[in-house]
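Below is one structure; the comments refer to it alone.
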Amino acid sequence: MGTRNPVTWLGSPTFPKAAREALADTQLRQNLRKATGTIRGRRAAAVAEMTDWENLRLAGEAIKNDVLSRLDTLLVQLEEAVTARGGVVHWARDAAEANEIVLRLAREAGTDEVVKVKSMATAEIGLNEALEAGGVKAIETDLAELIVQLGDDRPSHILVPAIHRNRSEIRDIFQRRMGISVSDEPAELAEAARRYLRQKFLTTRVAVSGANFAVADTGSIVVLESEGNGRMCLTLPETLITVMGIEKLVPTWQDLEVFLQLLPRSSTAERMNPYTSVWTGVTPGDGPSSFHLILLDNGRTATLADSVGRQALRCIRCSACLNVCPVYERTGGKSYGSVYPGPIGAILTPQLVGDMHDPLSASLPYASSLCGACFEVCPVRIDIPQVLTHLRAEAVEAKGRTAESIAMAAAAWVFASASRYERAQKLGSLARFIARDGRITSLPWPGSKWTSSRDVPAPPAESFRSWWRKNRGS
Amino acid sequence: MKVALLATCLTDTFFPSTARAVVRLLERLGCEVAFPLDQTCCGQMHFNTGYRNDAESLARKYTEVFSGYDHVVAPSGSCAGMVREIYPEMGVSAGPMYELSEFVVDVLGVTDVGAWFPHRVTYHPTCHSLRMLGVGDKPLRLLRAVRGLELVELPAATSCCGFGGTFAIKNAETSTAMLTDKMKCVLDTGAEVLSAGDNSCLMHIGGGLSRLRAGVRPVHLAEILASTEEEPWAHATP
Ligand code: SF4
């Protein structure tokens, strides 16, 4: 490998550190509370309409598992189908390779500017920065992504990267960067973005997109979006370059049908997705005359090799797990140090990085209370808590001997024998003498982390087991 | 019916009255309760923090201690979930394990346990009872049948309280932010008693309420169900 995987942002602190700062940002807290609360309720209503929702989830899970179990042959099938229809397929082992290919293709097309359809894969590989370093400017056309780009900011949500911004913050960014005067009315803000982008759509010759799905059978690529800006990028330019994670496949159109139901309801709480664009290779006289598909690995093959962790590759990037996550709701997305925030980020990012010695990666699986709200809503039934504890075990192993591991070993030794446990219990119950009014308000580190905001009840003089022994004998 | 009690290390040590209440309740409902003294901890903390090997040995110890029983009951959704859902993940198969409300409603077939508890109560359903075990509204059905009890619905009840075991230490600030919202919801109900089926969550929310001197008392579901007019729980010995 050698080069670092740009899926995490360079210099990001560990999760607890970043979260501490985010928690103190009252504007952010308010924006998130409002946004996640709204979408949560809307998703629940959209899902409640479906009588066969649980069966759809099971189908989604089964199709994705099938894809993962024969990814090698399906990918070759896709490549053949795309090539047969006049597209060019490239394989990229990592971010650097993918970025290089895009840059080369842009240069070959003779452009120093590309328009972009909102895409997680290109954000994951840091494409915009790589293009800029090569003298090519990337223009985001998704409204929320544009807000992030113009604000020199980072995304904090998969679907709505600017979810941490409210209307007046967005107005300020637009006024500053577009040199216009505009109110904070959503319609006016959208109009300002539309004027800014329209010119770009008409003049830019190369577009870059991601893909929500690719149908292996026919070589068709599918992009779902809500604004129509993506459709402009996918149809107007001469050259279209699509960067797609290798796991985004579905075998046939019939399989796609399941996801076209699951994704909109989970993601935007819509019954049907507003703009669903599908193309197969190139069609002379209609749309881009040159189409390149870059199949991106960037840690996915390694993830696939992990029998528990691989379920993260079923993800269809709907964001439902973010919207229901009580941790995400309070810390926001940027605390996760990656384009993949929230519960899915906590399990996907460390796997794509593939190095639990990396402090940020090792902290992410702990960024959860294991409440299970994410698993409950995930349309492809990724058991996120299961993967979290699985990755925690990897983090523990990578860390080796620490104060925590010694304490845990000691606790396990005590619990291994009922008599040792009982002696420890008796000793521990002496803590009742430091209690006042039945509560302990301050403990030494690491207990101080608890008592900073919570009391501990004083342990009673008599445990249940001593009561039992006294009253019931054995 | 013979039933073994997994008291859980937390309840055994910090909340013995809950385990005594389980004994009294189950005996009143005609069960013969056993408490195998060799039990210690189910291994949940080790498992959830990433210490797999330790968790696995504790799981094996559990199966040795409880192998002779057809029914094991725990007054804790998360420990019951550990045994029933997580042990198999580690390749350890344990016998039938029930969270208290499941056992009373499903196995004993009782929703009115003859309890009396004249207080305004709100109920926090706890994440593992709700989402790992799927106990649904069983605890609420039990509470609704308690005489004298005024049940007030907890707003945003299904939201996590922020405990999460070592999460409360490792991500103390985030945990506290979650706790704050939970406490606000509890206080909004005007309840005098906060109940739940798990002392770990109650220790967390209760610890926050106590720090703020909020004047709300955490009481485990078992203690409410054990209380009768003849022997109100606070004064009773089973
Ligand atoms: S993990 Fe599941 S819920 Fe989360 S974004 Fe992916 S598909 Fe959606």
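Quick notes on this one:
- Pairs meeting the criteria (first residue in the stretch B:163-175 and more than 16 Å from A:Thr389 (Cα to Cα), second residue surrounded by 23 or more Cβ atoms within 10 Å (Cβ to Cβ) and charged (D, E, K, R), beta carbons under 7 Å, at least 6 apart or on different chains) are B:Thr174/A:Arg330.
- Qualifying helices (runs of 4 or more DSSP H) (wholly inside the stretch B:165-238; at least 3 residues being among the polar types (S, T, N, Q)): B:172-188, B:199-211
- Taken over the stretch A:272-288, the residue count meeting the criterion of being more than 16 Å from the ligand (Cβ to nearest atom) and either in a loop (DSSP other than H, G, I, E, B) or farther than 20 Å from A:Leu256 by Cβ (or both) is 9.
- Filter result for A:Ala393 (within 17 Å of the chain's Cα centre (by Cα), under 29 Å from B:Thr158 (Cα atoms), more than 14 Å from the ligand (Cβ to nearest atom) and modelled with pLDDT of 95 or more): no
- Among (1) closer than 24 Å to B:Cys9 by Cβ; (2) within 12 Å of another protein chain (Cβ to nearest Cβ); (3) outside any loop (DSSP other than H, G, I, E, B); (4) of a type outside the set (A, V, I, L, M) - the single one B:Glu102 does not satisfy: (2)
- Qualifying residue in the stretch A:168-191 (condition: in the same structural domain as A:Leu105 (by TED's automatic domain parsing), exposed (fewer than 15 other Cβ atoms within 10 Å of the Cβ) and in contact (Cβ under 8 Å) with a residue 40 or more places away in the chain): yes
- Taking residues in the stretch A:278-301 that are among the charged types (D, E, K, R), and partners anywhere that are assigned to a loop (DSSP other than H, G, I, E, B), the pairs with Cβ atoms closer than 9 Å and at least 6 places apart or on different chains are A:Asp297/A:Arg93; A:Asp297/A:Asp94; A:Asp297/A:Ile246; A:Arg300/A:Ile246; A:Arg300/A:Glu247.
- Meets criteria (surrounded by 23 or more Cβ atoms within 10 Å (Cβ to Cβ) and either in the same structural domain as B:Leu209 (by TED's automatic domain parsing) or of a type in the set (A, V, I, L, M, F, W, C) (or both)) for B:Ala74: yes
- Considering residues of the stretch B:144-198 that are basic (Lys, Arg) and touching a strand residue (DSSP E or B) at 6+ places or on another chain (Cβ under 7 Å) only, the residue nearest to the other protein chains (Cβ to nearest Cβ): B:Arg144
- Residue list for the stretch B:15-71, filter: outside any helix (DSSP H, G or I) and within 17 Å of A:Ala410 (Cβ to Cβ): B:Thr40, B:Cys41, B:Gly43, B:Gly50, B:Tyr51
- Members of the stretch A:356-380 that are within 9 Å of the ligand (Cβ to nearest atom), touching an Asp or Glu at 6+ places or on another chain (Cβ under 8 Å) and away from chain B (no Cβ under 13 Å): A:Val380
- Verdict on A:Met244 being over 24 Å from A:Lys64 (Cα atoms) and either away from the ligand (no atom under 16 Å from the Cβ) or within 23 Å of the chain's Cα centre (by Cα) (or both): no
- Of the residues making up the stretch B:36-51, those that are surrounded by 21 or more Cβ atoms within 10 Å (Cβ to Cβ) and in contact (Cβ under 8 Å) with a residue 24 or more places away in the chain are B:Gln39, B:Thr40, B:Cys41, B:Cys42, B:Gly43, B:Gln44, B:Met45, B:Phe47, B:Asn48, B:Thr49.
- Selection within the stretch A:390-422 - within 9 Å of another protein chain (Cβ to nearest Cβ) and under 16 Å from B:Thr13 (Cβ atoms): A:Ala411, A:Val414, A:Phe415, A:Ser417, A:Ala418, A:Arg420, A:Tyr421, A:Glu422
- Residue match in the stretch B:165-184 (condition: crowded, with 23+ Cβ neighbours inside 10 Å, at pLDDT 95 or above and closer than 19 Å to B:Leu143 by Cβ): yes
- Residue match in the stretch A:434-445 (condition: in contact (Cβ under 8 Å) with a residue 24 or more places away in the chain and either within 16 Å of the ligand (Cβ to nearest atom) or under 43 Å from the mean Cα position of the chain (by Cα) (or both)): no
- The conditions of being more than 8 Å from chain B (Cβ to nearest Cβ), surrounded by 16 or more Cβ atoms within 10 Å (Cβ to Cβ) and modelled with pLDDT of 95 or more are not met by A:Ser453.
- Yes/no for A:Gly309 being within 14 Å of the ligand (Cβ to nearest atom), surrounded by fewer than 24 Cβ atoms within 10 Å (Cβ to Cβ) and within 13 Å of chain B (Cβ to nearest Cβ): no
- Which listed residue, of A:Phe291, A:Phe259, is within 16 Å of the ligand (Cβ to nearest atom), in the same structural domain as A:Ile125 (by TED's automatic domain parsing) and not β-branched (Val, Ile, Thr): A:Phe259
- Selection within the stretch A:254-277 - loosely packed, with under 15 Cβ neighbours inside 10 Å and without any contact (Cβ under 8 Å) to a residue 40 or more places away in the chain: A:Gln254, A:Glu257, A:Met272
- Hey, A:Pro264 within 14 Å of another protein chain (Cβ to nearest Cβ), within 16 Å of the ligand (Cβ to nearest atom) and assigned to a helix (DSSP H, G or I) or not: no
Let's see how each residue does on (1) within 13 Å of the ligand (Cβ to nearest atom); (2) under 24 Å from B:Arg131 (Cβ atoms); (3) crowded, with 24+ Cβ neighbours inside 10 Å:
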{"site": "A:Cys321", "(1), (2), (3)": "yes, yes, yes"}
{"site": "A:Cys325", "(1), (2), (3)": "yes, yes, yes"}
{"site": "A:Arg330", "(1), (2), (3)": "no, yes, yes"}
{"site": "A:Tyr340", "(1), (2), (3)": "yes, yes, yes"}
{"site": "A:Pro343", "(1), (2), (3)": "yes, yes, yes"}
{"site": "A:Ile347", "(1), (2), (3)": "yes, yes, yes"}
{"site": "A:Gly354", "(1), (2), (3)": "no, no, no"}
{"site": "A:Gln386", "(1), (2), (3)": "yes, yes, no"}
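The values are calculated or read from the model by the stated rules, or taken from the named source; none is laboratory data. All values derive from a computational prediction rather than experimental measurement. Note that we place each Cβ from the backbone using ideal geometry, even for glycine, and neighbour counts take in every protein chain shown.
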